[in-house]
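Enquirer: One structure, as structure tokens, below. Some questions next.
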Amino acid sequence: MSLMDLLGSKARIEILRELSREPQYVSQLAESVGMDGKTAVHHLSKMEEAGLVAHYERGNRKYYYLAKTVELRVAPPPERTFVLQTDECRDDPTEIESTTDD
């Protein structure tokens, strides 16, 4: 699935927007974007296959986070710019959080 196909879904854009704020577990994320958990898991699995999101487990919850930076820039004429790109992987939040859990 291409990046354009993947991000052509309003639901996936909403999920990415929520995850750009902080890692969230599935039911929290589903409630934030207004969908049921099964639908959220479907979208998350597609984005995880593409490497845009990743997950870690804490207790019995699976937390998802952005694994890459996603940038979309659009400009009207005369520039007529349309850029959609992803950058290198972001840091795994479990490594960051483990230093503050003391």
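Enquirer: Show which lysines lie in cross-link reach of K10 when reach means a straight Cα distance below 19 angstrom and same-chain residues fewer than eight apart are skipped.
Expert: Cross-link targets: K38, K46, K68.
Enquirer: What does the extension gain come out to for M1 and D36, with contour length at 0.36 nm per residue minus their alpha carbon separation?
Expert: Contour length minus the Cα-Cα distance gives 10.3 nm.
Enquirer: What GluC sites (Glu not before Pro) in segment 2-85 are in a loop by DSSP, with at most 13 other Cβ atoms within 10 Å of the Cβ?
Expert: When the GluC sites (Glu not before Pro) of segment 2-85 are filtered for loop state and at most 13 Cβ neighbours within 10 Å, E79 remain.
Each value in this text was obtained by applying a stated rule to the coordinates, not by laboratory testing. Bear in mind that the values here come from a model prediction, so they are computed numbers and not experimental data. Every residue, glycine as well, gets a Cβ built from its backbone with ideal geometry; the counts of neighbours run over all protein chains shown.
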